[in-house]
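The values are calculated or read from the model by the stated rules, or taken from the named source; none is laboratory data. Please read all numbers here as calculations on a predicted model, not as lab measurements. Note that we place each Cβ from the backbone using ideal geometry, even for glycine, and neighbour counts take in every protein chain shown. Please note that ligands, DNA and RNA were not included when accessible areas were found on the heavy atoms of the full protein model with its side chains. Shrake-Rupley method; radii C 1.70, N 1.55, O 1.52, S 1.80 Å.
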Amino acid sequence: MDGLSDSVSIAILLGSVLVMAGILSSLLALRFGAPLLLVFLVIGMLAGDSGPGRLQFDDVRTTYLVGSVALALILFDGGLRTRFASIRTVLAPSVVLATVGVLLTALITAPFAKYALDLNWTESLLVGAVVASTDAAAVFLLVHTQGLRLRPRVGATLEAESGTNDPFAIFLTLMLVEYISLGSSSASHVAMEFIQEAVLGALVGVFGGRLVVIALNKVALPQGLHAPFVTTAALVIFGGSQIMHASGFLAVYLAGIIIGNRPTRAHNSVVAFLDAATWLAQIVMFVLLGLLVSPSRLGASVLPAVGVAFVLMLVARPIAVFVCLAPFRFNWREKIFIAWTGLRGAVAIFLASIPMLVGLSKAYLYFDVAFVVVIISLLLQGWTLAPAARKLHVALPRAERGPRRVELDLPGQLEQQLVGYPVRPKSLYFRRGLIPSWSKPTLVIRNENILTPTEADPIAPGDYIYLLAPPEKAESLDRFFVDMQPGSAPDPHLLGDFMVSGEHTLAELAEIYGVKVGEDEGKLTLADYFDVHLDRAPKEGAELPLDEIVLVARSISGGRVNVVGLRLPEEDETPPPLTRAQALRKKLAEVWTSVAGV
């Protein structure tokens, strides 16, 4: 009995030490810009039987179980953070990349794998399927750690594609493993399996997400249990979908989108908890996958695997991206960057463990090839991501680091939360006294004293101000508490009878055009008016009504409107009829909104 207790204690100690080493090494990796996934894999390899750790670990079933849970949590967390409004416009190209793109990548990689690794066509297609999908965790971890701000359409496409291509890659891998194991399968059977998994997975994800939202808002859970409840609910959705032979990974990703886009209790604590849980899941999964790798076994297959990696990165992925994005309005620079950002990560190694789990004859070959592909992808694509983005002009200029925002949920209601900021001397709030119309200053902390806004007036730099704001708009307050960007004078060629500078006041506009404005708003400039009444930072084309006219943002400088167009009542025209494609997209968006509630 003592021996059993000691062995369990040693296993717990060694496992904890490995996870702790992964956590601490992530700090070093972040400092030098190294891909974190690579660091965790290397730690697992060093601890394995071929490294100095000499740990004997070959439990594929445990690795598959841990990998499934970790991947489910990663996808759920990705869905929870995805704003549906940001991906709605790129949903079509993202879905095409996640399905047709994965299939094309696998088909183009397969011929080289067949001759380089001496496989038959089905086995070579399995190699292609294993490495075909991009890894969401790897893509966005590297984007964030390298401080990249991608163009909205490019970033949203990568986000949606990497979150939705895993289910299709998993389905394709499972179908090929089943075919190799059983020796036969019909095209109709594969098609029916795919339809069943996709449709059932989508239904379970949407309705499961809605049920979690209802439960969160209706059931009075004790403080601190909301986050564990949501996390376990995500795993229930995943496990239930898998039992129903639906795509659990698709279901859990869609459930995350539903929950993340609806007002719920304790949203901030749920996101913070899942962030930590996802980090831990990734570390554990990557370390376990590293333990399964045997460097001594890689020798025979390393050169062909390197060839597969280069064909995948330089031929298969670019062709798939250019073919899939041909019907959509992406320029060649954006297509090249999307092709280069197809990083392979733990998903590929996780998929390669499936043949090992069922005992296929060449299972370790698939695993070793996937491992080499992931290493090369992280080294080449991972470290060159930022230079590629800047060279191809898809990276926006770095914005100043955001303010230290504090968000506090208010018990008993979902419509408002407290959002706190330090007041900076060059901020829009301090210099112009501006605050959005949908927020309300509530308290001010000055020299450790709590004051009402009236008592604290005038607000001074160094104060901390807390405002009431809707949870979904809280992030939009950031732009009022960062240093103002320098603006430029409006182009005089843009100014005419119905174009005015954003620095004109509403009172001046009222005097010239006879519109009615309130006394309290007369001193606001047109730029101020956009800042106060828009839910988000102003963009070209943004519109706001003012009495009987409509103000249109014609030019943006320094993050603010500097040229405003005036649309007078007589200028109104009947909008042109929608094309069939536009009408179909509008109808699909309405159906999704009604079903998903986002």
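Note on Thr122: accessible area is roughly 40 Å² with a 1.4 Å probe, heavy atoms of protein only.
Remark: accessible surface ordering of Val321, Val66 (largest first) is Val66, Val321, probe radius 1.4 Å. At a probe radius of 1.4 angstrom, the accessible area of the stretch 151-222 per residue rounds to 45 square angstrom. A cut-off of 5 Å between modelled amide H atoms, ignoring neighbours fewer than 5 places along the same chain, links Thr442 with Tyr466, Leu467, Leu468.
Solvent exposure of the stretch 310-390, expressed per residue, is 34 Å² of accessible area, with all protein chains present and a 1.4 angstrom probe. Pairs from the table (Lys218/Lys539; Lys218/Lys440; Lys335/Lys426; Lys114/Lys391; Lys391/Lys426; Lys440/Lys523) lying more than 29 angstrom apart at Cα are Lys218/Lys539; Lys335/Lys426; Lys114/Lys391; Lys391/Lys426.
Shown for the stretch 345-390: the carbon plus sulfur share of the solvent-accessible area, taken with all protein chains present and a 1.4 angstrom probe, equals 71%. Among the GluC sites (Glu not before Pro) within the stretch 439-477, those in coil by DSSP and having at most 11 neighbouring Cβ atoms inside 10 Å are Glu448.
Restricting the stretch 491-565 to chymotrypsin sites (Phe, Trp or Tyr not before Pro) that sit in a DSSP loop and have at most 16 other Cβ atoms within 10 Å of their own Cβ leaves Phe498. Got a number for carbon plus sulfur as a percent of the stretch 436-562's accessible area, 1.4 Å probe? Answer for the stretch 436-562 is 52 percent, counting heavy atoms of protein chains only.
Using a 1.4 Å probe on the protein chains only, how many percent of the accessible area of the stretch 249-299 belongs to carbon and sulfur? Here it works out to 66 percent. Rounded to the nearest 0.05, the FRET efficiency derived from the C-beta distance between Leu314 and Met20 at R0 = 56 Å is 0.90. Considering only alpha-carbon pairs that sit under 8 angstrom and 6 or more positions apart, the relative contact order computed for the stretch 227-323 is 25 percent.
Between the alpha-carbon centers of the stretch 87-131 and the stretch 418-485, tell me the distance in whole angstrom. Their Cα centres are 50 Å away from one another.
On a per residue basis, the stretch 420-548 carries 57 Å² of accessible surface, using protein heavy atoms and a 1.4 Å probe.
What net charge do the residues around Val213 carry, taking every other residue with its C-beta under 12 Å from that of Val213, with Lys and Arg at +1 and Asp and Glu at -1? Around Val213, the charge tally is +4.
Taking every alpha-carbon pair under 8 Å whose residues sit at least 6 apart, the stretch 71-135 reaches a relative contact order of 29 percent.
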